[in-house]
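*Asks:* Mind having a look at this structure? Questions to follow.
The values are calculated or read from the model by the stated rules, or taken from the named source; none is laboratory data. Computed from a predicted model, the values in this text were never measured in an experiment. All Cβ positions, even for glycine, are placed from backbone atoms using ideal geometry, and neighbour counts span all protein chains on display. Keep in mind that these areas ignore ligands, DNA and RNA; they rest on the heavy atoms of the full protein, side chains included. Shrake-Rupley method; radii C 1.70, N 1.55, O 1.52, S 1.80 Å.
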Amino acid sequence: MNNTTIRSIHRSRHSWARTRKTLLDILWYVVVTFLALCVMVPFIWMIVTSLKGQNEIFTYPPTWIPQDWQWKNYVDVWQEAPFGRYFLNSTFVALMVTVGQLTSCILAGFAFARMEFKGKNFMFLLFLSTTMISSQVTLVPSYLIMRSLNWIDHYQALIVPFLANAFGVFMIRQSFRSVPREMEEAAKLDGCGRLRFLVQIMLPLCKPILASQALFAFMGNWNSYLWPLIVTNQDDMRTLQIGLRYFVSGEGGTKWGLYMAAAVLVSLPVIIIYFLVQKTFVESMASTGLKDI
Amino acid sequence: MTTTSTDVSQLPPKQKGRWWRRWGEETFSAYLFLLPSLVIFITFTFFPAIYSMVVSLFRWNMPSKPFFVGFENYIYLFTDAIEAPLFWKSFLNTFYFALGVPINLVISLLIALLLNRRLAGVGIFRTTFFLPTITSMAAVSVVWLWLFHPADYGLFNSWLIAMGIPIQRWLRDPVLAMPCLIGMGVWHGMGYNIIIFLAGLQAVPTTYYEAAKIDGASPFALFRHITWPLLGPTLFYVLTVGMINSLKAFTEIDVMTQGGPLGSTTTLAYLLYQNAFQFFQMGKASAIAVLLFIMLLLLTWIQFRFVDRKVHYE
């Protein structure tokens, strides 16, 4: 390659520019690959450690390739803590929140997008203002409410407070507004009621935005930490994220191999979903960032 | 919800009759549609927000009954010989921790500029940089706890040894703990910023660059005079959202340091948690919550002002 490179420089300025571009591209690949590797180090280290035995973990210098692959860690982890139960809890709660939140957002989004009613502006501002009140501020009173409802250590406590989401309402409203009004009038003339129009015509038309909202609701809930930490005390009510927190075992120090295997299991579902629906994911991330209020 | 033949909302407004008739069917239905969200918002957002302010005026050590003390909780936080230093330290720690936001912003912008090219495989790289962001903070914190392990077999320490630097105690060192948390936060939050920046960069019309190139502008000049000003609103958005999230940070602190060592990583959000759920001092915790609320409100207000500016811009 070098010979041709040198020759082409001599030949003409045009090919020199081309060579320079190729060299820059190669440089770009080198730099970006290096950065990407740096970013991946924690993930790689997590997986490598999760496949090591206890002895190998505590040796210096650390090894990047396990000498003795301990796939057993992924089996043992289920015995170490009630991970099956945690998985069940997290999945159930996240699914319920996703379905419930999406339903309430669709209804409210439709009202704001397609209905004229007294106090609409006020209601809109009211919804908007909820985005300014962060969960930290309402933490103590929300906990007190849960206590007085006797919801501590019950699924309701993990689900009900998250059944509304103003951002979701705005996003869905935005997409409902893009459906032509003529369509609604035509449907009305044919004797199609409002609710039926919403379910049979609007929703199928707005699938992408609904998918991304569902994704966000699921992911946000699956990853949530502070609230489940507060409203659950019993081991069998904990979610995965909290279960992980208590995964520090007694004798012989922390079993890092198992701990990392647990971390892999906890992070895997969302990563898998991400790879399956990457495009929706990234686009909705970018759009919530920019288009939304 | 009966919404068939007669459209009552079309009737003249002076119509007499029962209230739902006067209001019109549409208004009635609309409020039915809003009801589920409204109930949740009122119970779990508005009521708690007000309740928080009320509780902050009481001394309430959990098992015992609350009693009204006015602004005592606030005064204690600001001036008490024992409380005040803790509070102010957490206050400063909160902003120290928020230093991660501008650092994150610069790094993500540089990477976004790098990734804003049409070359084969760029998608794989974008995916890679985005991966930390979607991974749960709890899992990621556990991994970094292991990376920062204070023994020689901890990964970072093994690198230090390879470079001939004495090993560090990282998260157990009062001086290093916060920078460690910031470093992890930057790594975790970068992906989101990169996505936003890429969207912003791709929204800049290529004709601007072409025109400038014809005029012989250097790459730096292109960035300085086209990219930077057009990306301004995006930058501002990322900055304020980042600050808001940074003020609310909890998971990484709880998993990795529990506010220690020596309170060096106790932020206001963590102090609030400690007071409420470890010391069960609901009044004091609520006072901290109200102060945090004011700070967050200020940031949100700044952000909303920016939305206005963005509208004028386009």
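Every residue, every condition in (1) within 12 Å of chain A (Cβ to nearest Cβ); (2) at pLDDT 90 or above; (3) open to solvent by 40 Å² or more (accessible area, probe 1.4 Å), yes or no:
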| residue | (1), (2), (3) |
| --- | --- |
| B:M137 | yes, yes, no |
| B:V140 | yes, yes, no |
| B:V143 | yes, yes, no |
| B:S158 | yes, yes, no |
| B:I161 | yes, yes, yes |
| B:L181 | no, yes, no |
| B:M184 | yes, yes, no |
| B:V204 | no, no, no |
| B:Y208 | no, no, yes |
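*Asks:* Right, next: Inside the range B:102-121, can you point out the residues that are assigned to a helix (DSSP H, G or I), open to solvent by 20 Å² or more (accessible area, probe 1.4 Å) and facing another protein chain (nearest Cβ under 7 Å)?
*Replies:* B:L114
*Asks:* Another one. Among the numbered criteria (1) of a type outside the set (D, E, K, R); (2) open to solvent by less than 40 Å² (accessible area, probe 1.4 Å); (3) under 28 Å from B:T45 (Cα atoms), which single criterion is violated by A:N121?
*Replies:* All conditions are met except number (2).
*Asks:* Scan the range B:275-289 and give yes if some residue there is open to solvent by 20 Å² or more (accessible area, probe 1.4 Å), of a type in the set (S, T, N, Q), more than 9 Å from chain A (Cβ to nearest Cβ) and in contact with a helix residue (DSSP H, G or I) (Cβ under 8 Å, 6 or more places away or on another chain), otherwise no.
*Replies:* yes
*Asks:* (1) more than 28 Å from B:I134 (Cβ to Cβ); (2) of a type outside the set (V, I, T); (3) modelled with pLDDT of 90 or more: which one isn't true of B:A249, the others all being true?
*Replies:* (1)
*Asks:* Are any residues in the range B:209-265 among the acidic types (D, E) and touching a helix residue (DSSP H, G or I) at 6+ places or on another chain (Cβ under 8 Å), and if so, which ones?
*Replies:* The answer is B:E252, B:D254.
*Asks:* Quick one: in the range A:240-271, which of the residues that are open to solvent by 10 Å² or more (accessible area, probe 1.4 Å) and modelled with pLDDT of 85 or more is nearest to A:T59 (Cα to Cα)?
*Replies:* A:W256
*Asks:* Another question about this same structure. Answer yes or no as to whether A:L24 is in a helix (DSSP H, G or I), more than 22 Å from A:L265 (Cβ to Cβ), open to solvent by 70 Å² or more (accessible area, probe 1.4 Å) and without any contact (Cβ under 8 Å) to a residue 24 or more places away in the chain. Full working, then the answer.
*Replies:* Working: in a helix (DSSP H, G or I): yes; more than 22 Å from A:L265 (Cβ to Cβ): yes; open to solvent by 70 Å² or more (accessible area, probe 1.4 Å): yes; without any contact (Cβ under 8 Å) to a residue 24 or more places away in the chain: yes.
Yes.
*Asks:* If you check B:K14 against the conditions, is it within 30 Å of A:A157 (Cβ to Cβ), at pLDDT below 95 and open to solvent by 100 Å² or more (accessible area, probe 1.4 Å)?
*Replies:* Working: within 30 Å of A:A157 (Cβ to Cβ): no; at pLDDT below 95: yes; open to solvent by 100 Å² or more (accessible area, probe 1.4 Å): yes.
So B:K14 does not fit the description; no.
*Asks:* I'd like the residue in the range A:27-66 that is buried (at least 17 other Cβ atoms within 10 Å of the Cβ) and hydroxyl-bearing (S, T, Y) and, out of all such residues, is farthest from the other protein chains (Cβ to nearest Cβ).
*Replies:* Selected residue: A:S50.
*Asks:* Looking at the structure I just gave you, is A:N165 more than 28 Å from the chain's Cα centre (by Cα), more than 7 Å from chain B (Cβ to nearest Cβ) and at pLDDT 85 or above?
*Replies:* No.
*Asks:* Something else about it: Looking at (1) outside the structural domain of B:M178 (by TED's automatic domain parsing); (2) assigned to a helix (DSSP H, G or I); (3) open to solvent by 80 Å² or more (accessible area, probe 1.4 Å), can you tell me which one B:I124 breaks?
*Replies:* (1)
*Asks:* Could you list, in sequence order, the residues of the range A:131-154 that are within 7 Å of chain B (Cβ to nearest Cβ) and either part of a loop (DSSP other than H, G, I, E, B) or at pLDDT below 90 (or both)?
*Replies:* A:M132, A:I133, A:S134, A:Q136, A:V137, A:T138
*Asks:* If a residue has to be closer than 30 Å to B:G283 by Cβ and more than 7 Å from every other protein chain (Cβ to nearest Cβ) to count, how many in the range B:24-42 make the cut?
*Replies:* Of the residues in that region, 3 qualify.
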